[in-house]
Structures are given as C-alpha cells and as structure tokens.
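I have placed the structure first, in the form of structure tokens, so that the comments after it can refer back to it.
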Amino acid sequence: MSFLHLESLTKRYGNNVAVQDMSLDIAQGEFVSLLGPSGCGKTTTLQMIAGFVEPSRGRIWMNGDDITSCKPNQRGIGIVFQSYALFPHMTVAENVRFGLEMRKVPISESRQQVREALELVRLDHLEDRYPRELSGGQRQRVALARALVIRPPLLLLDEPLSNLDAQLRENMQIELRNIQQQVGTTTLMVTHDQSEALSLSDRVVVMNEGKVVQVDEPFSAYENPKNNFVSSFVGKTNLFACQIDQQVGSQAQVKLGDYQLEISVPSDMQGNQVQLSIRPEKLELTQEGTGQLNGRVRTRLFLGNHWLYQVDSSVGELLITQPNLGVQGAAVGDDVGISWQEGAVRILGEQAHD
Ligand code: ATP
C-alpha cells in the first residue's frame, strides 16, 4: 500500500475545474514533484492534501487512513510555503519551537528537538536572530526546520525556493535533497521550474489544465515524454508534425524536409500524422552538406558551459545546443549542416492540445 494515495481528487470552483480526477500513489520516503504551468492546479492539489481546501470529489489516504475529512491540524503534515510565513516577532529558535508548543511538547524536550532541526539546516549558530536579520536562503531554511521539527509523516513544499536568486536556489536545491534523504520524510513539492523538479525528485507528476499528463522518473519524463506538452514543458525541444509514409514491422519512414528518416514506432501507424521530438542537445552543428539537414545560423547565445543556437533549416527553426569546448563555433549567418545520432528523434505517443 502506498503512503499517500489520492483517489479521483477533484476541485471545482463554479464552472472552473481546478483539479480533475487526480489519482496518485506516493511511496514512503519518496520525493515527488508536481510540475506544470501557472494555473494547472498544483497548489490546489497541495491545499487539498493539507486540508485547507475541501475536495469537490475524491478521497485522500495517508498511511492507510482516510484523511479527507480531517482538519488541517489533525493531519500532522509539515508545510513550507513560498513566502516562508515566519513569525517576525519571534527568534529563529522560537519560530522552530512553535509547532512543538502547539503540540504541548515540554520545553525540556523541545529544546533538544529545536537544536537538532536547526543543526539539520545548518542554522544552529543563528538561533537568537530574528527573521529580519536573516538572508532569504536562511529564512527558507528556518521555514524548513520549523516544518521538520514536528517529524511530520508528510512534508508539503509549495514553490519553496522561488523567492531565492539563481545561485542560492541551486545551493538550496542540493541542500533540500540532502536533508530530505537524511530525514527520509515523504515529500511532495509544487514547482513550475522543470530543472528543479528534475534535479530533486524521485518522480515528477506533470500537470496541465487540472489533469495529470505523465507520472515518471525525471530521466524517463525527459527522454520519453508522453506527448508534445510534456516534451516542451520538461526541457526544450524541437517538434515536427509528420506523416508516417511507409511502415515495415516496427520501422517507419518519415520525411523530414528533404531527409528520409527511419524511426522505430510502437504500433501500426501507417499513414498516421505524428509528432516527432528532438532535444536541442541531441543535434550537432557540422560543415554544410555533411549532416542530415542544412541550415543557416540566425542567433547564437553564449551560456558559459554551452552555446544556444537558433538555426533556420528546411524543416523550420531549430534550437541546437553545443557544448563549449573552448573554441568559437559557428557564427551568425554561417551555413551549417545539422546531424544527429540514430535514436535521437522520438515519436510522441499521443497528440495533446498545445
Ligand atoms: P501557480 O503556479 O500560478 O501557483 P497552480 O498550478 O498552483 O498555479 P492553482 O493555484 O491550483 O494553480 O489554480 C488552479 C486553477 O484554479 C486556476 O485556474 C485558478 O484560477 C483557480 N482557482 C484557484 N483557487 C481558486 C479560488 N479560491 N476560487 C476560484 N478559482 C480558484
């Protein structure tokens, strides 16, 4: 039996369906992210699990108990919000102790637990400071310590790192993953940042318009996206609409501009219109005339460890990333070849609305 079980969870606001028929199982100790664009229902899902929003339909089970009708404070869930929500008039230690006081834990015990929680987030040296005397990253760590100190069976994180600048955010991602693995708390995080979801999670739940589109391990969601929505939302991609011209067994012929592409297909798709996807990092710029396609460089951005190219080709505009190997690559206006390895072009399993 899974630790957290969502069964056909639905939330309607008038005619608007914020979350539709969501079913999901999360195992004990797993780190799962809800990933999707703004308004797709991530926060509403989290709020229903926390008990702040009542589902219109469906049930929530935690550790074998139906908690759908329990009050938020009966659920014992730890929550960290984007805004930290620290009490400004309390010190770091008092903020972290708050949840224990609510549970009437004697001060002799809570002192040790607060110290342990602050050590976990490496803030034990700042316990007498007030939130206004802390950096954004430190405040976020206090919020995490405050949620973890009650040893919650489940930790809910709502965009916990989105107020931090890029560098700090990356550091905190690593720290958050380490802390979660150390404590082993089952964790569900909401984010619209795909790289954050991919780097932190055991599994990602990709949502769109209130519905779950794909649940997978990060590598699988990236390498085998179910449809064009996942393909474009989880990482960058180049998409092509094509027709399967000819199929023999699982091998099909597809025309990509002037190039006749052979591709593996999962079922009989002769004559079907399909979407093909190829990731920018799986394309390579070569000498003109030596690749599968030709094109001309329209834009080039230097991003430190790699270059991002926009290339006009016979099949339309292509995004191509090239590793920075310490030499200048193709420049704007250059005529180039574009090549890829066998297997780099993926056929998307089903069509989805854009
Ligand atoms: P974001 O990333 O912008 O926070 P989200 O994926 O968390 O978005 P939700 O906040 O869950 O999305 O909202 C899902 C949908 O439900 C949206 O269309 C939103 O406008 C609607 N919604 C959310 N709360 C309410 C409410 N209290 N009353 C009416 N509609 C609501």
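If I ask for residues that are assigned to a strand (DSSP E or B), open to solvent by 40 Å² or more (accessible area, probe 1.4 Å) and within 13 Å of E288 (Cα to Cα), which ones from the range 313-341 would you list?
Listed by number, the list holds a single entry, D335.
All but one of (1) in a strand (DSSP E or B); (2) of a type in the set (S, T, Y); (3) under 25 Å from N224 (Cβ atoms) hold for T286; state the number of the condition that does not hold.
(3)
Can we say L164 is modelled with pLDDT under 90, surrounded by fewer than 18 Cβ atoms within 10 Å (Cβ to Cβ) and away from the ligand (no atom under 16 Å from the Cβ)?
Here the answer is no, as L164 does not meet what is asked.
Against the condition more than 14 Å from the ligand (Cβ to nearest atom) and either in contact with a Cys (Cβ under 6 Å, 6 or more places away or on another chain) or at pLDDT below 95 (or both), how does S2 come out, does it pass?
Yes; evaluated as a whole, the condition is true for this residue.
Where residues in the range 86-121 are over 31 Å from the mean Cα position of the chain (by Cα) and among the small types (G, A, S), which of them is farthest from L144 (Cα to Cα)?
Among them, the one singled out is S108.
Can you name every residue in the range 289-307 that is over 25 Å from F233 (Cβ atoms), outside any strand (DSSP E or B) and open to solvent by 50 Å² or more (accessible area, probe 1.4 Å)?
G289, T290
Would you tally the residues in the range 141-169 being without any contact (Cβ under 8 Å) to a residue 60 or more places away in the chain, more than 18 Å from the chain's Cα centre (by Cα) and under 27 Å from A27 (Cβ atoms)?
Residues that pass the stated criteria total 4.
Just to check your reading of the model, which residue among M48, M90, M62 is at negative phi and within 15 Å of the ligand (Cβ to nearest atom)?
M48
Are there any strands (runs of 3 or more DSSP E) wholly within the range 204-272 with 3 or more residues that are under 31 Å from the mean Cα position of the chain (by Cα) and under 19 Å from G39 (Cα atoms), and if so which?
Passing ranges, in order: 211-216.
Read through the list (1) in contact with a Gly (Cβ under 7 Å, 6 or more places away or on another chain); (2) exposed (fewer than 12 other Cβ atoms within 10 Å of the Cβ), then give the number of the only condition that Q251 fails.
Condition (1) is where Q251 drops out.
Based on this model, can you work out whether P152 counts as open to solvent by less than 40 Å² (accessible area, probe 1.4 Å), of a type outside the set (S, T, Y) and out of contact with any helix residue (DSSP H, G or I) (no Cβ under 8 Å at 6 or more places or on another chain)?
It is true that P152 is open to solvent by less than 40 Å² (accessible area, probe 1.4 Å), of a type outside the set (S, T, Y) and out of contact with any helix residue (DSSP H, G or I) (no Cβ under 8 Å at 6 or more places or on another chain).
Could you list, in sequence order, all residues of the range 15-45 that are under 21 Å from L176 (Cα atoms), in contact with an Asp or Glu (Cβ under 7 Å, 6 or more places away or on another chain) and within 8 Å of the ligand (Cβ to nearest atom)?
Correct list: T43 only.
Anything in the range 5-14 that is near the ligand (Cβ under 10 Å from one of its atoms) and in a strand (DSSP E or B)? List them, or say none.
K11, R12, Y13, listed by residue number.
Just checking, how many residues over the range 183-202 are part of a helix (DSSP H, G or I) and closer than 19 Å to I26 by Cβ?
6
Pick out, from the range 15-122, the strands (runs of 3 or more DSSP E) lying fully within it that include 3 or more residues that are open to solvent by 10 Å² or more (accessible area, probe 1.4 Å) and modelled with pLDDT of 95 or more.
16-26, 57-62
Could you list, in sequence order, the residues of the range 177-187 that are modelled with pLDDT of 90 or more and either surrounded by fewer than 15 Cβ atoms within 10 Å (Cβ to Cβ) or within 13 Å of the ligand (Cβ to nearest atom) (or both)?
Q181, G184 - these are the residues of the range 177-187 that are modelled with pLDDT of 90 or more and either surrounded by fewer than 15 Cβ atoms within 10 Å (Cβ to Cβ) or within 13 Å of the ligand (Cβ to nearest atom) (or both).
The values are calculated or read from the model by the stated rules, or taken from the named source; none is laboratory data. None of the values given here were measured: they were computed from a predicted structure. Don't worry about glycine lacking a Cβ; one is built from the backbone with ideal geometry, like all the others, and counts go over all protein chains shown. Side chains are part of the model used for accessible areas, which takes the heavy atoms of the whole protein and leaves out ligands, DNA and RNA. Shrake-Rupley method; radii C 1.70, N 1.55, O 1.52, S 1.80 Å.
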